[in-house]
1. Order of 384-392, 169-177 by packing, highest average Cβ count within 10 Å first?
2. In deg cm²/dmol, rounded to 500, what helix-only [θ] at 222 nm does the chain give when every DSSP H run of at least 4 residues adds -39500 (n - 2.57) and the total is split over its residues?
3. Given R₀ = 25 Å, what would the calculated FRET efficiency be for Arg379 paired with Val351, taking r from the Cβ atoms and rounding to 0.05?
4. I want to check the label-to-label distance for Arg127 and Glu99. Put each point 7 Å from Cα in the C-beta direction and report it in nm to one decimal.
5. Which distance in nm do the two modelled labels at Asn148 and Glu370 give, with both placed 7 Å along the Cα-to-Cβ direction?
6. For Lys359 and Gln307, what is the calculated FRET efficiency with R₀ set at 60 Å and r taken between the beta-carbons, to the nearest 0.05?
7. Calculate how many DSSP beta bridges within the chain are antiparallel, expressed in % of all such bridges and rounded to the nearest 5.
8. Taking 0.36 nm per intervening residue step and subtracting the Cα-Cα distance, what contour gain separates Asp27 from Ile183 on full extension?
Amino acid sequence: MKYLKVIAFTHKQIELDKLGCLVLCNDAIDSTLNLVREKFNISEIFYLGTCNRVEFVFTAEHDITKDFVKRFLDLFHKGRMSDKDLNLIVDNCCIYEQEDALNHLMRVSSSLESLVVGEKEILAQVRKAYESCKEKEFTGDFLRLIMNRVVKAAKEVYTYTNISKNPISVVSLAYRKLRDLKINPNSRILIIGAGETNQNLAKYLKKHKYQNFSIFNRTLSKAQSLALELGGVAYSLEDLELYSAGFDVIITCTGATQPILTKELYLKLLNGDTSKKIIVDLAIPNDTHQDVISDFKLEYIDVKTLQDIADKNLKERYQELINGEAIIEKNIKEFRPILKQRRIELAMKEVPEKIKEIKTRALNSVFAEEISSLDPNSREILEKVIAYMEKKYISVPMVMAKDILVNNA
């Protein structure tokens, strides 16, 4: 576990608007990871971005310092934020190494570090982030082992504690806020973005009899898929500029790095309507420009406004946090000999070839003259003996190493 590293930027240390500056759009993830791998000699890496955290999980031989983090961010964020903001973010980032990094990944995946403790969505998000990078060969055997154990620990936390009993997520908190505002079931709901967060919130609304949905997404097919499920109408994101059918509620969550709902666009969408509107913006960074929030009559709900409810939720689940931490500690203890065993397996991969080389050299070079004088029957017996010993020389060290690991554990 010596080389496991995590650089984490989260809602606990960094304001959400600043955190939003670190989010990588989908199109930039591959090029960014390639860049940092080459620059910092990183063999395995994956990127995790959610509504309240940005993390880089990777392997590296050198220690991770704040200076390293600054150079790391400078590589792909230079010019996107001021030096003052960059220094503030670097000062407030969290660095985890070795077992601390594994512990952190397990806590994140078990929702112990979430804005809303107990929400299971984070495990799906971590797995999706890892699998995406695995498919593109950004990760290898080491992170495969790590993630297998992380997922196992998280599943045990959700299964053997009450941490997710009566689950509360950012999405469900957003729905509660909408419900408290008593919006009419016939309200015109305009959805921008067809990703997982908006899908889940839309399903809440559909379940509670809301039915007037217009879905906009950069990829039209995804908008159409969600529209089919909701009984709504699908549009390309480009059509948002031309939309004139009016709205009562906007729900937005995209991966855009700049605000989508600008003052100019919002005026077009209003189309002269002066009634009070509702915007639910769960994107990080926010999809709504600050001018829209300040200059128009509206109720604005974002991740930050849900923080108080989330803090109360954390207090209610304190005992389950303790139980979850005990499960994580057990998994880390169990994982130590497994990782050592895997290291031995990898080291032993070369043993069979080395033994074959020794056998070939012995037969064809060192003892070639003596062997050539043997009769066919004697030579056959000799080769059987050598083949038997070859197999034993391959298996015995592995068995002994495993026994040592088990006894030491």
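1. The densest-packed peptide leads the list: 169-177, 384-392.
2. It comes out at -17500 deg cm²/dmol, rounded to the nearest 500.
3. Once rounded, the FRET efficiency stands at 0.45.
4. 2.8
5. That separation, rounded to one decimal, is 4.4 nm.
6. 0.35
7. Within the chain, antiparallel bridges account for around 40 percent of the total.
8. Using 0.36 nm per residue and subtracting the Cα-Cα distance, I get 52.5 nm.
Bear in mind that the values in this text are calculations on the coordinates, not laboratory data. Note that the structure is predicted; figures quoted are calculated from it, not measured. Because the Cβ atoms are built from the backbone with ideal geometry, glycine has one as well, and the counts that use them run over all protein chains shown.
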